[in-house]
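Peer 1: First, the structure itself, so that you have it in front of you.
The values are calculated or read from the model by the stated rules, or taken from the named source; none is laboratory data. Fair warning: this is a prediction, and the values are worked out from it, not measured in the lab. Cβ atoms come from the backbone with ideal geometry, glycine included; neighbour counts cover every protein chain shown. SASA here: full protein model, heavy atoms, side chains in, ligands and nucleic acids out. Shrake-Rupley method; radii C 1.70, N 1.55, O 1.52, S 1.80 Å.
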Amino acid sequence: PMFRRALSMFSAPSPSCLDSDSPVSRNSLVELKAGFKRPDPPQVGGGCQGGKKRRVTPGGLMCERSISLQENNPCTGASRKKPSFVRSHSENELSIMKSCQLKEEVEDILPDSSRLYVLPTFASGSKHPSLRSINCGTLADLIMGRHKNNVESFRIVDVRYKFEYDGGHIRGAENWQHGEDDQFLSAFLPSAPLPAPPQYCLENTEKRNILIFHCEFSSQRGPDFYMKLRERDRQLNKDVYPGLHYPECYLLHLGYKEFFKNFPDLCTGNYTEMIDPRHENDLRKMRAKSKSWSGGTVARTGRMGRLHL
């Protein structure tokens, strides 16, 4: 096979290429010079006349300088703006961004970003900063109907051991215990998600359906059930974020012990401590049901322990 040296289309061929079949050597009318010199690279901004590079026509070829859309023309001063591109977002992404913005800007807004909490609340402290708490006086007002203009219904969820609940509980409270997670979640949440995310509206006067969780001190078992429900609610309504079936949940500050101390007339029975020696066998049985229970507390594991509500 024959190999030929590649020649520039813009330079005259060397004498050794006179008999070549190259289109440059065959058609060139330029006087030949000895040797071969590579042409100088083009200079940015150099040799501009009227905004275009000088035309060169060896062998009938013509080249023009391309003008970038993203740079200014250094000769004429004319400029073309860089096209602006905006990322498209799905409807759910927009809903998430709007919800995050509202939570940053509006104090005491509900987790579904629809309106504000109806009851006076405060954060549950450093241990459970994402949970909203009410004091025993607010719960007493709720039981006595002082919030009936804003509250359609409320459920008090007592998650103490059964022997504690049987020994005394808040009037109207229902008892759920460890090991009844599936039944608990099925009793509160429907199987279908919400049809669409809620709209932010402070003027919304629709009455609420709220939940209040507590245990003996509301330090561990109560918050645990609170977060179990919120986590499942979030999973169920993940496509309509921040929609929730139960956006308004509360934790009873300091639990049943404090409520019974201040409002015994709103309780049924008395106050039975978890470590009551009369129920030592019952406590041993409850602890044996799961290694998660230790000293009346449940160790949260996995994502639930880091859940941001």
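Peer 1: Report, by chain and number, residues whose modeled amide H sits under 5 Å from the one on F154, excluding near sequence neighbours (fewer than 5 apart, same chain).
Peer 2: I210
Peer 1: Hey, can you rank 108-115, 229-236, 265-272 by average C-beta count inside 10 Å, highest first?
Peer 2: Result, highest mean first: 108-115, 229-236, 265-272.
Peer 1: Next up: Can you give the FRET efficiency to the nearest 0.05 for Y200 and D141, using r as the Cβ-Cβ distance and R₀ = 35 Å?
Peer 2: Approximately 0.80, to the nearest 0.05.
Peer 1: Taking the simple approach of a point 7 Å from Cα along Cα-to-Cβ for both A192 and D265, what is their distance in nm?
Peer 2: Between A192 and D265, the simple spin-label model gives 4.6 nm.
Peer 1: Step through the table entries K228/K289; K127/K148; K228/K285; K127/K162, compare each Cα-Cα distance with 21 Å, and write down the pairs that go over it.
Peer 2: With Cα atoms farther than 21 Å apart: K127/K148; K228/K285; K127/K162.
Peer 1: Whenever you get a sec, compute what percent of the accessible area on region 176-251 sits on carbon and sulfur atoms (1.4 Å probe).
Peer 2: Looking at region 176-251 in its full context, I get 51 percent from C and S.
Peer 1: Taking 2.2 N^0.38 Å as the expected size of a compact globular protein, what ratio does the Cα radius of gyration of region 137-203 give against it, to two decimals?
Peer 2: Rounded to two decimals, the normalised Rg is 1.46.
Peer 1: Simple spin-label model, 7 Å along Cα-to-Cβ: K207 to D182 in nm?
Peer 2: 3.5
Peer 1: Sort 244-254, 135-145, 193-203, 150-160 by packing, meaning the average of other beta carbons within 10 Å per residue, with the highest value first.
Peer 2: The most tightly packed comes first, giving 244-254, 150-160, 135-145, 193-203.
Peer 1: Sticking with this one: Which sequence of E164, E107 reflects their accessible areas, 1.4 Å probe, from the largest down?
Peer 2: E107, E164
Peer 1: Something else now. When only the heavy atoms of the protein chains count and the probe is 1.4 Å, how do M2, M274 rank by accessible area, highest first?
Peer 2: From most accessible down to least: M2, M274.
Peer 1: Return a whole-number percent for the relative contact order of region 107-177, with Cα pairs under 8 Å and 6 or more residues apart as the contact set.
Peer 2: That works out to 18 percent.
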